[in-house]
Structures are given as C-alpha cells and as structure tokens.
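The values are calculated or read from the model by the stated rules, or taken from the named source; none is laboratory data. These numbers were taken from a predicted model, which means no experiment stands behind them. Backbone-built Cβ (ideal geometry, glycine too); neighbour counts: all protein chains shown. The accessibility values were calculated without ligands, DNA or RNA, using every heavy atom of the protein model including side chains. Shrake-Rupley method; radii C 1.70, N 1.55, O 1.52, S 1.80 Å.
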Amino acid sequence: MSAAPDINPDRLHADLAELATLSAHPAPAVTRVLFSKEDLAAREWLVGKAKAAGLDVRHDAVGNLFFTLNGSDPGLPAVATGSHTDAIPNAGAYDGVVGVLGGLEALRTLRENGVTPRRSIELIMFTAEEPTRFGIGCLGSRMLAGTTSAEEAASLRDADGRSLDELRPAAYAGDLASVILPTGFYQAFVELHIEQGPMLEKQGIDIGIVTRIAAPAAFRLRFTGSGGHAGAVLMPDRHDAFLAAAETALAVERAAVDSPSSDTVGTTGLVEVRPGAINSIPCDVRMEIDFRDTDVDARDAAIDQIRSEADAACGRRGVTLEWSCINIDPPAICDEALVECAEKHAAALGCGHTRMISRAYHDSLFMARICPTTMLFIPCRNGWSHRPDEYASPEAIAKGTNLLTRMLLDLAR
Ligand code: HGY
Ligand code: MN
Ligand code: MN
C-alpha cells in the first residue's frame with residue numbers, strides 16, 4: 001500500500017493563524033458563536049479555501065458544511081472526517097479548528113498529488129458543536145444522527161429569544177427534517193482534535209486514540225424567591241434565590257467529588273442573578289449545570305443526589321425550583337477496527353500512541369451513532385483549552401494531520 005503524501009505543515013499553520021483572526025475578541029482569544037458575523041465570516045473563508053483546493057462544497061439546512069474529494073466509485077458510502085470552527089467566548093485557536101483545517105489539508109494534499117481514492121472522502125464542518133448559542137452542544141451532528149429532531153431544533157431559542165430559522169443565513173434555508181442522514185451514509189468517521197487534557201503532553205505521547213467518549217448531561221435550573229429590600233428584610237424572613245442556587249452549586253461539586261467513579265465531573269458554569277442590585281435580595285436566579293462521566297450509572301446517581309439536595313435547599317429557604325434537562329446522552333464507544341487502523345498508521349509513522357478516553361464531548365459522540373467512529377488526539381500545552389492560551393505546536397498538528405491523511409486514504413480504498 002503506497003503511503004499517502006506528506007501534508008504541507010507551513011500552509012496548514014498559515015490557515016490556522018488566518019482563521020484565528022476571525023474572532024469577536026482580540027487575539028489571542030477566539031470567540032466565534034454560531035451565526036455571529038465572525039462565524040459567518042469563518043464559514044465563507046473556509047468555503048473559499050475548499051473551493052480553491054478543488055473540493056466539492058455543499059451545506060445542509062442547519063449549516064453543516066461538507067467538502068468532498070470525489071472517489072473513483074462515488075456510489076459507495078464515503079469516508080468522513082471533520083470537527084467544528086465555532087468557539088465559546090474567550091476560547092483558543094485550536095479547539096475544533098485543528099480537525100477542520102487538518103482535514104482540509106489532508107484532502108488538499110491528496111488531490112494535489114493526484115490521489116483519487118476509491119470511496120469519496122468528506123470533510124464536515126459541524127454547526128454549533130459549542131452550546132453557546134442555543135444552550136445545547138453538537139446541534140449539527142445531533143441532527144445528522146437524528147438525536148435532535150427538526151421540531152426540537154426549530155423550538156430552540158437563544159438568549160434573545162431568536163430561533164434557528166431567524167438566525168441562519170438565507171442560503172441555508174431549507175427543511176430541517178432534511179438534515180438527518182440515512183443509515184449507512186458514511187463508511188467511517190475519524191475526528192482529529194486537541195486532547196483538551198494534560199495526559200499526552202505529560203507522558204510525551206504524540207497521539208491519543210480515543211476508545212470512548214464521556215456521557216454529557218446538562219440542566220437548566222431556575223430558583224424563585226421573594227426578593228425584597230436588602231436593609232429592611234430581616235434574615236429569618238428571607239427567601240434568597242441565590243443562596244439556594246449557591247447550595248446547589250456546592251452540591252454539584254460534592255456529588256462529583258464523592259462519586260465512586262474518578263471520571264465524574266460537574267460544573268456550574270452559568271449563573272444569572274436577578275434583579276442584580278447590591279441592595280436587593282435575589283429573587284430570580286437561572287443556573288446551568290454540566291455533568292459528565294464515562295460511567296452512565298455513576299453519572300445518573302450523582303445527578304439524582306444533586307436534585308434531592310437542590311430540593312432540600314429550596315425547601316429550607318422557601319424558594320421554588322424549576323429543573324429542566326437540556327440533554328442527557330449516553331457515552332460513545334469507538335470502533336475497534338478503526339482504533340487498530342489508527343494504531344497501525346501511527347506506528348508506521350513512528351508516532352508514540354496510546355488508547356484513551358475523551359472527557360470532552362465532540363461531534364464524534366453523535367457520529368458514532370451512525371457509523372464506525374474514532375478520534376485522534378494531539379497534545380496541547382498543559383492540557384489547557386477553552387481559554388485564550390490554548391496551544392498545540394505545529395509539529396504536533398502536522399503529526400496528527402499526516403496520520404489522519406494516511407487513515408482516510410486507507411479507509412477509502
Ligand atoms: O464541552 C465540551 O466538551 C466541548 O468542548 N464542547
Ligand atoms: Mn470546545
Ligand atoms: Mn471541540
């Protein structure tokens with residue numbers, strides 16, 4: 001089997017640097033929220049790059065973008081790769097982007113070297129991997145997998161009450177029910193991504209091959225108290241919504257720390273306190289909880305614990321609680337044959353590699369529901385991610401992209 005040609009690391013590095021400038025916040029931060037002007041500029045930039053590389057370009061009604069290197073037998077299910085270019089506020093330049101631009105560089109390299117695979121190879125840029133706009137992550141891949149229906153997607157609203165239909169560009173107009181992919185549409189899916197954890201760098205390993213993706217869950221809570229004047233209402237007479245929320249946030253931490261599973265993580269990342277005045281007792285507090293584990297039973301037992309502690313805190317304080325589930329997903333098990341394929345090519349490239357789990361979720365979590373899937377992780381500095389100093393070296397990115405290129409070509413034979 002002839003090896004795939006090596007990618008052009010300088011060109012890839014230049015693309016990463018260029019895309020990082022399309023941000024709502026100044027460098028080194030990257031902020032690119034779904035359908036913001038920065039996100040639309042990034043989409044346009046990417047389509048231009050893909051067209052210049054001679055790839056076919058299409059999109060679906062939720063804004064997933066597809067870039068295709070046509071195979072000699074286009075009737076066969078294609079092999080796919082991809083990730084996301086949206087970024088939460090004040091994030092970094094590598095989360096998701098390494099997988100999209102690495103995939104672009106892989107297809108561009110194959111095409112300019114005259115390599116025509118038997119199966120087509122598709123690069124997917126998934127819409128809204130981050131939950132920032134609509135509160136739910138992986139909206140584009142959820143819809144491709146049929147996990148989120150067209151009706152559920154149409155009912156989503158952002159913080160300003162705007163719907164998907166109001167926000168998506170006119171060019172994406174179309175029936176959201178057309179997004180779901182038929183079974184067997186793809187032969188395999190491989191996602192290149194930074195680890196977003198410290199293990200690979202600490203152990204000096206080039207490549208992590210993902211065997212399992214942790215099961216994410218997210219909840220929206222609303223605490224309602226009676227509010228009142230900060231000076232006039234004595235302590236025994238208060239029903240302070242923020243303190244009930246604060247006890248619940250501590251219960252989230254306690255449930256994760258006390259869990260029998262070391263992979264249980266819980267985060268209260270969003271709290272809005274109303275009326276938000278120094279001399280007014282909080283009467284309306286909205287909070288969002290992110291809770292994950294590779295062990296679903298441990299996760300769900302911990303969530304039950306949090307719920308009962310939140311109810312108890314509200315009972316003690318005379319505060320009411322509205323608890324709604326944003327998402328609660330099973331973990332993804334990656335495909336053993338794909339994992340072995342990655343190990344084979346990593347070894348052939350002389351890359352140190354190890355099997356590992358992903359604690360972050362990714363579009364692969366949902367692609368694994370519709371085709372054999374695995375992920376390739378590369379080290380990132382100190383494991384930092386979702387922060388402006390997120391960083392992966394050009395050497396690490398090149399190794400991951402060369403491995404991806406070889407895997408895709410092998411799978412597309
Ligand atoms: O939150 C996550 O795991 C992903 O980075 N959106
Ligand atoms: Mn992310
Ligand atoms: Mn990501």
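Data overview
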| read-out | value |
| --- | --- |
| Check on Thr320, of a type in the set (Ser, Thr, Tyr) and either under 19 Å from His193 (Cα atoms) or open to solvent by less than 40 Å² (accessible area, probe 1.4 Å) (or both) | no |
| Check on Ile306, among the β-branched types (Val, Ile, Thr) and within 14 Å of ligand 1 (Cβ to nearest atom) | no |
| Qualifying positions in the stretch 360-386 - closer than 17 Å to Phe126 by Cβ, more than 16 Å from ligand 1 (Cβ to nearest atom) and in a loop (DSSP other than H, G, I, E, B) | Arg369, Ile370, Cys371 |
| Residues of the stretch 371-383 satisfying the condition of being within 19 Å of Ile207 (Cβ to Cβ) and surrounded by fewer than 24 Cβ atoms within 10 Å (Cβ to Cβ) | Pro372, Arg381, Asn382, Gly383 |
| Meets criteria (acidic (Asp, Glu), modelled with pLDDT of 95 or more and crowded, with 21+ Cβ neighbours inside 10 Å) for Asp335 | no |
| Residue within the stretch 387-409 that is assigned to a strand (DSSP E or B), within 13 Å of ligand 1 (Cβ to nearest atom) and at pLDDT 95 or above present | no |
| Some residue of the stretch 222-230 being in contact with a His (Cβ under 6 Å, 6 or more places away or on another chain) and either more than 20 Å from Arg359 (Cβ to Cβ) or surrounded by 20 or more Cβ atoms within 10 Å (Cβ to Cβ) (or both) | yes |
| Residues of the stretch 240-281 that turn out to be of a type outside the set (A, V, I, L, M), surrounded by fewer than 19 Cβ atoms within 10 Å (Cβ to Cβ) and more than 17 Å from Arg317 (Cβ to Cβ), as a count | 13 |
| Filtered residues of the stretch 131-173 (kept if charged (D, E, K, R) and within 19 Å of Cys325 (Cβ to Cβ)) | Arg133, Arg142, Glu151, Glu152, Arg157, Asp158 |
| The stretch 345-370: number of residues that are touching a residue at least 12 places away in the same chain (Cβ under 8 Å), open to solvent by 60 Å² or more (accessible area, probe 1.4 Å) and out of contact with any strand residue (DSSP E or B) (no Cβ under 9 Å at 6 or more places or on another chain) | 1 |
| Flag if Ala41 is open to solvent by 10 Å² or more (accessible area, probe 1.4 Å), in contact with a Phe, Trp or Tyr (Cβ under 6 Å, 6 or more places away or on another chain) and aliphatic (A, V, I, L, M) | no |
| The lone exception for Arg355 - which of (1) in a helix (DSSP H, G or I); (2) away from ligand 3 (no atom under 16 Å from the Cβ) it fails | (1) |
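Listed here are the residues, each with its yes/no results for (1) more than 12 Å from ligand 2 (Cβ to nearest atom); (2) within 26 Å of Ala392 (Cα to Cα).
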| position | (1), (2) |
| --- | --- |
| Asn70 | yes, no |
| Ala87 | no, yes |
| Val98 | no, yes |
| Arg119 | yes, no |
| Ile124 | yes, yes |
| Ala128 | no, yes |
